[in-house]
Every structure is written in C-alpha cells, then in structure tokens.
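Read the structure below first, then the notes.
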Amino acid sequence: MAHLEDQRETIYKVDPAHPETRDLPILRTEELLLNMGPQHPATHGVLKVILDLEGERITKSTVVMGFLHRGVEKLAEYGTYHQFIPHTDRLDYVCAMYNNFAYCRAVEKLMNVTVPERAEYLRTIVAEVQRIIGHLFWLGTQALDIGAMTVFFYTFRDREILLDWFDELCGARLTTSWYRIGGVERDFTASLETKIRDFLAYFPPKIDEYVVFLEKNRIWLARTVGVAVISAEDALGYGLSGPTLRGSGVDYDLRKYESYGAYPKCEFSVPVGKNGDTYDRYWIRIEEMRESIKIIRQCMDQMPKEGPVMADVPSVTLPPKDRVFTNLESMIQQFKLFSQGFDAPPGEIYCGTEAHKGELGFYIVSTGGGNPYRLKIRSPSFIHMGAFDYMAKGYMIADAVTIFGSYDIVMGECDR
Amino acid sequence: MHPLAEAIQARFPDGFLSAQEWRGDLAVTVKREALHAIGRFLKDDPAMACDYIVLVSSVDWPDEEERFEVVYEVYSIRHRHRIRVKTRVPEHDCYVDSLTDIWPGANFMEREVFDMMGIRFNNHPDMRRILMPDDFPEGYPLRKDFPLQGKGWRDTFDFLNEGAAS
C-alpha cells in the first residue's frame with residue numbers, strides 16, 4: 001500500500017510558481033526515450049531511430065545507422081571499373097538495374113564512351129521496368145506499414161511478373177548486373193519483347209485497382225494527408241530528390257533536365273505535387289508508373305529493330321560473349337579488362353541519374369590506371385534520412401513509420 | 001573560364017584559387033577560409049541561386065602537402081546549373097567550416113566525411129561518427145593508409161569457446 005502512495009507522489013506534484021495549485025495535483029509530464037529498431041518490421045532493414053517523446057509526440061529523433069555498412073566505396077578503390085558493377089547491385093537491392101545504370105553512365109562519362117542507339121533504348125526500357133518494380137514494392141510495403149494490408153498482395157503479384165521477366169533477361173531476379181560499361185550484356189529475345197508488350201496491355205488497369213484500394217480508404221487518407229509536410233525550400237536544402245522532392249512542388253527530374261538514355265526521344269510528363277505531404281509523394285509514384293508505361297511503349301515502338309548493343313571501343317568495352325569462347329584475342333581482351341582494367345584518364349566527374357528513389361549519383365576521381373582513385377556514391381536514402389529529424393518533429397510515433405516509408409529507404413543503399 | 005567561375009573570382013579574388021572544366025563539369029577550387037562565404041554567396045546570390053545540395057565528399061591525397069580535399073556539389077533549380085566547390089586541408093589542421101547552416105542537408109554528409117576521412121567541421125551541430133560505431137578505434141577507413149582488410153579490431157574480440165563447455 002505504501003509503495004503505491006509513493007508512486008502517486010511522483011506522478012502528481014505541485015507547481016511552485018502557482019501557489020493556488022497546491023491543492024490540485026498536476027500530471028507529471030516527462031520525456032520518454034524510445035528505441036525504434038534496429039530490428040523493427042517497418043524500418044525496411046536494420047535502422048535504429050531514438051525518439052524523444054512528449055506523450056506520443058516526437059520532439060527529437062536521432063537516427064543511428066551503419067548496421068549494413070560494408071565499405072563499398074573502399075572496395076571500389078581496390079577493384080577495376082568492370083569489377084564494381086556487381087557491387088552496385090547490392091546497394092539498393094530492390095532496384096539493382098537502376099544502380100547498374102547509374103554507375104555505368106558515370107564510367108561512360110569518365111571514359112567518354114557513346115552507347116549505340118539500340119542499347120540506349122534497351123537500357124531505358126529496363127530502367128523504366130525497374131522503376132515500376134521499385135514503385136510497386138514501395139506501394140505494397142508502405143501500405144502494409146500504415147495498415148492497409150491488401151494492396152501488398154496485389155502489387156507483389158504484378159512485381160513478380162516483372163521479376164520473372166528479369167530472370168529471363170539476365171538470369172537473376174534481384175542482383176541483375178545486366179548493364180555493362182558501353183552497353184548491355186545481351187539483347188532482348190523475341191519472347192522478352194512479346195512479354196513486355198503483354199505487360200503494357202495488362203498493367204494500366206491494375207494501377208487503377210491499387211488506387212481504388214487506397215484513394216477512398218479513410219485510414220490511408222488519415223495517415224497520409226497532411227502528414228510529414230516539408231516545404232520546397234526545406235526539401236531542397238536537405239538535398240531531397242526524386243518523388244520526395246517533387247511532392248513538395250519542385251520540378252526536378254534528371255530524366256528531363258539532364259536527359260540521358262532514350263528519354264530525350266520520349267514524350268512524358270513529370271508529375272509534381274502541391275502540398276509536400278506523404279499523400280502527394282504517394283500520388284507522384286502512382287503517376288510515375290503511368291508515365292513509365294508510356295515511356296516503355298514509345299521505346300518499344302521507336303527502337304531500331306537490330307543493331308549492336310555494346311559500344312565498339314575495344315580498350316574499354318567487353319567483347320561479345322560468343323566471341324570470347326571462340327576467339328583467343330577476345331578472350332585475352334576480356335581477361336585483361338577484368339583483371340587489369342582499362343586506363344582511365346586522370347580527372348573527376350559527377351554523374352547523377354534519376355533512380356526511382358531520387359538522384360543516385362557517382363562521383364569518381366581517377367588518377368589514371370585501372371582502379372578508381374575515389375568513388376563516392378550519392379545515395380538518396382542516406383540523404384533523405386538526414387531530413388528525418390526535421391520532418392518527424394511534432395508528429396506521432398506511428399507517423400515515424402509513414403515518414404521514412406515515404407522516402408522509400410533501403411538500408412543497403414543508405415549504409416553502403 | 002566558365003562565367004560562373006568568373007563570377008566567383010570577381011566576388012572573392014582572395015579566396016578563389018582555380019577553376020577546372022572537364023567532361024562538362026565545372027569545379028572551382030577555393031581557399032578553406034573563404035569556403036563558408038562562398039557557400040553563402042552561392043546560395044543567396046540571385047544569379048547563382050544554388051539552393052539544392054547534391055553531395056559532400058572528400059578525397060585523400062597522402063603525398064601532397066595539403067592532404068585532404070573536401071568537395072561540395074550544389075545545383076540551382078532555377079538556373080539548372082551545377083557547381084562543384086573544392087577546398088584543401090592539411091592533415092595537422094584538419095578543419096573546415098561547416099555549411100550546415102546554409103544547406104541543412106550537409107549535416108549528415110559532413111558527418112560521413114568526418115567518419116570516413118577524419119576531417120572535422122567547425123560549427124557543426126552534431127559532429128559524431130555516422131556509419132561506423134561511435135567507439136571505432138582504428139581511425140578513418142577511407143584514408144589511403146587504412147588497409148582494405150581493416151586493422152584487426154575483430155581479432156581482439158572475446159569469443160565463447162563452446163567446445164570447452166561440454
């Protein structure tokens with residue numbers, strides 16, 4: 001009994017500044033520290049966030065990361081440029097193709113290699129397929145985190161079709177390594193082209209299906225509309241990019257403004273939000289899937305029917321695979337490119353690519369020779385987490401999940 | 001010289017060192033003391049208007065007198081131009097002024113530079129390691145004198161000898 005009374009005394013105390021409250025007990029408000037993660041189902045990997053709470057409101061959050069740090073940038077300095085391509089798969093393992101694309105583009109800029117036209121179209125098609133996969137994955141998991149479970153099954157059903165398509169394309173579903181410096185590993189087969197055309201017909205009605213699940217779902221709307229608002233100015237200052245930045249109304253899409261691949265030959269629009277809340281970021285991703293379908297369709301129609309898929313620069317690009325097995329010189333070329341690498345000119349470049357999460361950039365410093373002297377990966381997930389404390393302030397614990405969900409973080413890319 | 005580099009040189013004749021253009025990228029090398037002022041100029045000047053911070057990085061040149069190079073890359077949404085600003089730091093005085101007050105996004109990226117290369121940032125709100133553990137004892141992993149396999153911290157761990165218990 002005495003123990004209980006002691007507790008009551010700590011919970012109720014008198015405010016000395018106001019003597020008239022002496023008879024009225026005041027509820028003690030004390031900050032609570034909550035560790036969210038490192039193993040939390042909604043953190044999409046191993047991420048820890050220490051939340052300072054006032055009741056259920058977040059007053060401050062400290063992000064603790066690095067649990068998945070593998071030293072990829074250090075590894076890059078010890079390998080040749082070709083050897084680094086499989087490492088890029090493991091950055092954002094949900095969307096390996098786009099990482100390959102971003103890296104190969106950066107090295108091509110360094111080496112001044114021009115990619116043949118058909119390869120540019122193939123690259124753009126696969127990149128846009130990867131964007132759809134990324135957005136489907138995001139939509140499913142984000143809805144699951146917020147409490148709408150059904151969408152997950154529908155988006156993963158359609159994602160599976162595309163992953164099987166990747167499997168047929170390059171033999172792997174997730175760690176693809178299909179892009180090469182100067183082109184792509186292999187051309188489409190007739191069956192792949194038929195399948196992607198079938199998908200183009202199949203997919204647009206499915207987007208409307210997901211929208212039906214969410215757009216009139218009161219829980220989804222209550223959890224996203226007006227949650228985690230960030231103004232355009234702040235979003236830019238924090239370096240946010242991709243749908244997270246465009247949700248705040250900034251028209252910044254590298255596919256349009258520093259166009260690459262076959263994007264300049266395609267007509268597409270860049271959806272831009274108004275309010276900068278989680279709902280706008282969701283809406284942008286839905287619209288981007290529709291735009292991706294348009295881009296893929298145009299690329300399929302415009303693409304030259306045949307042609308080389310690898311640039312013919314023997315000092316940099318790999319020889320065709322069939323020649324490697326039959327021709328001694330090609331085998332030597334392949335062997336030397338992988339073991340010694342090509343001789344890169346001294347200099348430094350930065351090349352940013354619009355991945356589905358945001359601007360994925362590679363900053364490469366070369367001092368000549370086969371290895372990069374320094375390779376820095378500008379990963380959108382890492383930079384988005386920098387804005388987390390600012391965006392989470394004043395929201396509820398449950399909204400923390402919505403916020404880092406709306407960045408679409410993948411810890412492999414965040415920690416590198 | 002690129003007009004943007006000329007504008008920086010005209011405004012900061014003492015702080016500006018050189019400008020390079022290669023493969024379409026503009027890089028400007030400035031003195032460390034002028035970095036913060038130039039950052040402020042890049043953000044606030046209407047002709048520059050570099051409101052978007054792209055990247056903060058660092059390069060280690062162990063053979064040179066000023067060993068480290070800190071690299072900021074910024075972009076202007078209004079004018080659609082990119083500028084890379086670089087500055088050099090000697091090893092014995094490894095400090096740069098933080099640009100977190102200009103672009104808040106520099107916070108995490110500068111912490112990463114500190115974590116990986118050991119360059120400290122003055123006036124940074126939270127100068128701690130970010131990817132490596134806080135008590136990581138071996139130094140800074142992306143420096144060139146740090147071996148790829150690490151310095152053997154793992155070998156000092158105590159492991160339970162499960163075979164001995166039975």
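The values are calculated or read from the model by the stated rules, or taken from the named source; none is laboratory data. Keep in mind the model is a prediction, meaning the values are calculated, not measured. Every residue, glycine as well, gets a Cβ built from its backbone with ideal geometry; the counts of neighbours run over all protein chains shown. Ligands, DNA and RNA are excluded from the accessible area calculation, which covers all protein heavy atoms including side chains. Shrake-Rupley method; radii C 1.70, N 1.55, O 1.52, S 1.80 Å.
Per residue, the range A:42-181 exposes 29 Å² of accessible surface when a 1.4 Å probe is rolled over the protein heavy atoms with every protein chain present. Spin-label pair residue B:136-residue A:315: with each label point 7 Å from Cα along the Cα-Cβ axis, the two points sit 3.7 nm from one another.
Probe of 1.4 angstrom, ligands and nucleic acids ignored: what's the accessible area per residue over the range A:287-416, in square angstrom?
Roughly 34 Å² per residue, with all protein chains present.
Summarising the overall dimensions of the protein assembly as shown from its C-alpha atoms, the Rg and Dmax are 25.7, 96 angstrom. Accessible area buried by the pairing of B and A, both sides summed with a 1.4 Å probe, works out to roughly 3800 Å². Between the amide H of residue B:121 and those of B:96, distances stay under 5 Å, these residues lying 5 or more places away or on another chain, with hydrogens modeled in the peptide plane. Protein heavy-atom surface of chain B, 1.4 angstrom probe: 48% of the accessible area is carbon and sulfur, with nucleic acids and ligands not counted. Counting only protein heavy atoms, what percent of the accessible surface of chain A is carbon or sulfur at a 1.4 Å probe? Summing carbon and sulfur atoms, their accessible area is 56 percent of the total for chain A. On a per residue basis, the convex hull of the C-alpha atoms belonging to the range A:72-415 measures out at 121 Å³.
DSSP loop (so not H, G, I, E, B), at most 15 other Cβ within 10 Å: list which trypsin sites (Lys or Arg not before Pro) in the range A:193-244 pass both filters.
A:216
The range A:300-314 and the range A:230-250 have Cα centres separated by 36 Å. Scanning residues 5 or more positions from residue A:247 or on other chains, those with amide H under 5 Å from its amide H are A:273, with H placed 1.01 Å from N in the peptide plane. Taking amide H as placed 1.01 Å from N in the peptide plane, residue A:374 has its amide H under 5 Å from the amide H of A:365, each at least 5 places away in sequence or on another chain. Relative to the Cα centre, the charge distribution of the protein assembly as shown, modelled as +1 at Lys and Arg Cβ and -1 at Asp and Glu Cβ, gives a dipole magnitude of about 1180 debye. Shown here for the range A:65-138: trypsin sites (Lys or Arg not before Pro) in loop regions (DSSP other than H, G, I, E, B) with at most 15 other Cβ atoms within 10 Å, namely A:70. Inter-part distance, the range A:363-404 to the range A:149-205, computed on C-alpha centroids, equals 27 Å. With a 1.4 Å probe on protein heavy atoms only, tell me which residues of the range A:347-391 lose at least 40 Å² of accessible surface in the complex relative to the chain by itself. Residues losing area: A:348, A:350, A:363, A:373, A:374, A:376, A:378, A:382.
Which shape class applies to the range A:261-370: rounded if a/c is under 1.5, otherwise prolate when a/b exceeds b/c and oblate if not, where a ≥ b ≥ c are the square roots of the Cα gyration tensor eigenvalues? Working shown, then result.
On the way: a/c = 3.40, a/b = 1.74, b/c = 1.96.
Oblate is the answer for the range A:261-370, as a/c is 1.5 or above yet b/c matches or exceeds a/b.
Among the trypsin sites (Lys or Arg not before Pro) in the range A:237-325, those placed in a DSSP loop whose Cβ has at most 11 other Cβ atoms within 10 Å are A:274, A:305.
For the range A:55-66, the Karplus equation 6.51 cos²θ - 1.76 cosθ + 1.60, evaluated at θ = phi - 60°, returns couplings of x, 10, 8, 7, 9, 7, 9, 10, 8, 10, 9, x Hz by residue, with Gly and Pro reported as x. Converting phi to 3J(HN,Hα) with the Karplus coefficients 6.51, -1.76 and 1.60 and the offset θ = phi - 60°, the range A:93-100 yields 6, 7, 10, 5, 4, 5, 5, 4 Hz in sequence order, with x at every glycine or proline. With θ taken as phi - 60° and the Karplus curve 6.51 cos²θ - 1.76 cosθ + 1.60 applied, the whole-hertz 3J(HN,Hα) list for the range A:159-175 is 4, 4, 4, 6, 5, 5, 5, 4, 4, 6, 6, 9, x, 9, 8, 10, 8 Hz, x standing for glycine and proline.
Ignoring chymotrypsin sites (Phe, Trp or Tyr not before Pro) that are buried or in helix or strand per DSSP, and keeping those with at most 16 other beta carbon atoms within 10 Å, what is the longest stretch of chain B between them?
Values: sites that count: B:153, B:157, B:159.
That would be B:1-152.
Leaving out ligands and nucleic acids, and using a 1.4 Å probe, what accessible area per residue does chain B come to in Å²? Kindly include the intermediate steps, with their values, before the conclusion.
Values: 7920 Å² over 166 residues.
That works out to 48 Å² per residue.
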